[in-house]
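Here is the structure we will look at, set down as structure tokens.
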Amino acid sequence: MVISAGLKDCGTESRVHGDWLVYYNQLVLTPAAVPSSTDSLIVRRATTVIPIECHYRRKQTVSGAPLTPTWQPMTSTISVFGLLHFSLRTMADGCTSLRSSSVYQQGEAVFLEASVEAPLHPPLTLYVDYCVATLKPDPLSLPSYKFITKHGCLMDSVLPGSSSKFIPKQDTRLCFSFQAFHFNKETVEQMFISCHIRATLKQKSHSHRDKACFFHRPTFSWRATEGDDARCGCCDSDDCNTGHTTQLYTGEKHEADTAVGPLLTLPRTHWTGRLSLNH
């Protein structure tokens, strides 16, 4: 079945979510009533409401070709559990506000906020499984620097003098920082940050994959941003895939690959002012 309608037809509404312009509507499927042999009507299925969304990037290079929205066909079960929108954005002032500039000085703290929007979904908790910095948009390109690995271990915090850490905000938002660096010593570099983020049902039992860990230098140990620090013990080993795991829903993947960039990093020879570092 193909249904064609204009973006502003049939009561469609639009909203802005970060870098996306999103058009919302609902497709209501009403079951047919079948007459029986006794002249009564039989309805075998309930009315189904299917939410429809079309996503357009607000910031992109516009050419003569038509814009193609990012959309996914949805089933009626989505209307029960709600839609998930993952995002990653640069922040300022310890993750208290959005950062307007994409330029950093070497050694400056880069704050990133991962989030998931799920207004109709059961309570969720967000985790950042891994993040990598590259010079190209492709996260598999080289050179690269993996500063979060092993399902939530902030490896950049292990470096001497590092102020990198996780900053909890709320269950559906998680902020973290790493220090701006250079692959090459004397050039201005553009950098892309790619992260894999994951949402799970808020629960009492967790696996070793459900964590946000950073190295606490005063105690020379790994600390969990929230919960049991013992889950961070695997950050020094290769055992972070073991332990109890709770699935959300069969067949559903509540995770996404997200990215920000390019971010420009100035080398020390280009310093223009005093650094602001959070410890």
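The values are calculated or read from the model by the stated rules, or taken from the named source; none is laboratory data. Predicted model only: the values in this text are computed from it and were never measured. FYI the Cβ positions are ideal-geometry reconstructions off the backbone, even for glycines, and counts take in every protein chain you see. These accessible areas exclude ligands, DNA and RNA; they are computed on the full protein's heavy atoms, side chains included. Shrake-Rupley method; radii C 1.70, N 1.55, O 1.52, S 1.80 Å.
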**Study point:** Projected label distance in nm at VAL103 and SER141, using a 7 Å step from Cα toward the beta-carbon
**Key:** 2.2 nm
Review point. Which one of CYS131, SER87, ASN184 has its Cα pushed farthest toward the positive end of the charge dipole of the stretch 82-190, where Lys and Arg give +1 and Asp and Glu give -1 at the Cβ?
Key: CYS131
Point to revise | Sequence-distant residues sharing a close amide H with LEU266 (under 5 Å, placed H) | key: TYR104, GLN105, GLN106
Review point. What FRET efficiency, computed as 1/(1 + (r/R0)^6) with R0 = 45 Å and r the Cβ-Cβ distance, is obtained for ASP228 and ARG57, rounded to the nearest 0.05?
Key: 0.65
Practice item. Quick one: which residues, 5+ away or cross-chain, put their amide H under 5 Å from the amide H of LEU27? H built at 1.01 Å from N. Key: ILE50, ILE52
Revision key, fill the gap. Scalar couplings 3J(HN,Hα) for the stretch 96-106 by Karplus 6.51 cos²θ - 1.76 cosθ + 1.60 (θ = phi - 60°), nearest whole Hz, x for Gly and Pro, are 8, 7, 5, 8, 8, 9, 9, 9, 10, 9, 4
Check your understanding: Which of the aspartates and glutamates could a cross-linker bridge to LYS8, judged by Cα under 19 Å and excluding same-chain residues fewer than eight apart?
Key -> GLU53
Practice item. Evaluate the distance, in nm, between pseudo-label points positioned 7 Å from the Cα of PHE183 and of VAL16 along their respective Cα→Cβ axes. Key: 3.4 nm
Review point. Using the Cα gyration tensor of the stretch 124-167, with a ≥ b ≥ c the square roots of its eigenvalues, what is the shape: rounded (a/c below 1.5), prolate (a/b larger than b/c) or oblate (neither)?
Key: oblate
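Considering only protein heavy atoms and a probe of 1.4 Å, how much of the accessible area of the stretch 126-179 is carbon and sulfur, as a whole percent?
63 percent
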Check your understanding: Quick one: length gained pulling LEU201 to SER4 fully straight, 0.36 nm per residue minus the C-alpha distance?
Key -> 67.4 nm
Check your understanding: What is the calculated FRET efficiency for GLN190 to THR30, with r their C-beta to C-beta distance and R₀ = 45 Å, to the nearest 0.05?
Key -> 0.30
